[in-house]
Each structure stands twice: as structure tokens, then as C-alpha cells.
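The values are calculated or read from the model by the stated rules, or taken from the named source; none is laboratory data. Worth saying up front: this structure is predicted, and the values here are computed from it rather than measured. Neighbour counts run over all protein chains shown; Cβ positions are idealised from the backbone, glycine included. Surface areas here come from the heavy atoms of the whole protein model, side chains and all, with no ligands, DNA or RNA. Shrake-Rupley method; radii C 1.70, N 1.55, O 1.52, S 1.80 Å.
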Amino acid sequence: MSIVTIPLSDLRRDLSSIVPNLTKPVFVTQRGRVKAVLLDIDAYNDLIDRLEDAQDAADPEIQRLAVEAATAYERGETVPLKAVRERYGL
């Protein structure tokens with residue numbers, strides 16, 4: 001994937017044509033240095049979802065619960081989802 005950069009002065013001038021056509025991140029530069037990134041809203045939401053998933057996966061409490069659930073499964077202490085749905089009419 002090629003990196004797209006645009007000077008801030010060009011962004012100001014062409015904003016109304018750039019934003020509707022975002023298909024990949026656009027790095028905005030000021031005095032030759034990257035200062036911001038423009039993202040399509042779907043790409044932004046996907047990025048945030050992935051970040052939240054990574055944070056959850058790194059959470060020690062989530063890890064502990066996952067080990068606990070795996071252990072319960074190995075011991076046969078779990079109930080199939082189908083049975084839960086049938087029992088509670090879901």
C-alpha cells in the first residue's frame with residue numbers, strides 16, 4: 001500500500017474533494033512533518049474495534065476468565081448454547 005501525504009495548505013484548499021473520496025489513510029504534513037491522519041469513518045471504527053479487542057485480550061482479568069472457562073469446558077462443566085436457548089426460550 002502506498003502512503004498518501006498531503007500538505008496542510010493543500011488540505012485546506014481541497015478538503016471538500018478529499019474527504020468524500022478517502023479510500024486509505026491520508027497523512028497531513030505541516031512544514032514537512034506528519035501532523036495528522038485522515039481516515040474513512042469505517043476504517044477508523046475498525047481500528048478502534050481492533051484496539052479494544054487487543055486491550056481486552058491483554059487484560060489479566062479477561063485472561064484469567066478465559067483460562068477458567070477453558071478449564072470448565074475440559075471438565076465437562078459447561079452447557080451447550082442450544083440447551084440454554086431451549087431452556088430460556090431464546
Restricting the first residue to the range 21-33 and requiring it to be on the phi < 0 side of the Ramachandran plot, which pairs with a second residue that is β-branched (Val, Ile, Thr) and open to solvent by less than 40 Å² (accessible area, probe 1.4 Å) meet a Cβ separation below 8 Å and a spacing of at least six or different chains?
-> 26/6; 26/18; 27/6; 28/6; 29/6
Mind checking whether some residue in the range 48-58 is β-branched (Val, Ile, Thr), assigned to a helix (DSSP H, G or I) and open to solvent by 70 Å² or more (accessible area, probe 1.4 Å)?
-> no
Among what's in the range 25-45 and is among the small types (Gly, Ala, Ser) and not in a strand (DSSP E or B), pick the residue that is surrounded by the most Cβ atoms within 10 Å (Cβ to Cβ).
-> 43
Applying the selection to the range 68-82, what residues are surrounded by 10 or more Cβ atoms within 10 Å (Cβ to Cβ) and either part of a helix (DSSP H, G or I) or under 20 Å from the mean Cα position of the chain (by Cα) (or both)?
-> 68, 69, 70, 71, 72, 73
Any idea which of (1) open to solvent by 90 Å² or more (accessible area, probe 1.4 Å); (2) polar (S, T, N, Q); (3) part of a loop (DSSP other than H, G, I, E, B) is the one residue 63 doesn't satisfy?
-> (3)
Only listed residue being of a type in the set (Val, Ile, Thr), touching a strand residue (DSSP E or B) at 6+ places or on another chain (Cβ under 9 Å) and at pLDDT below 90, chosen from 3, 62 | 3
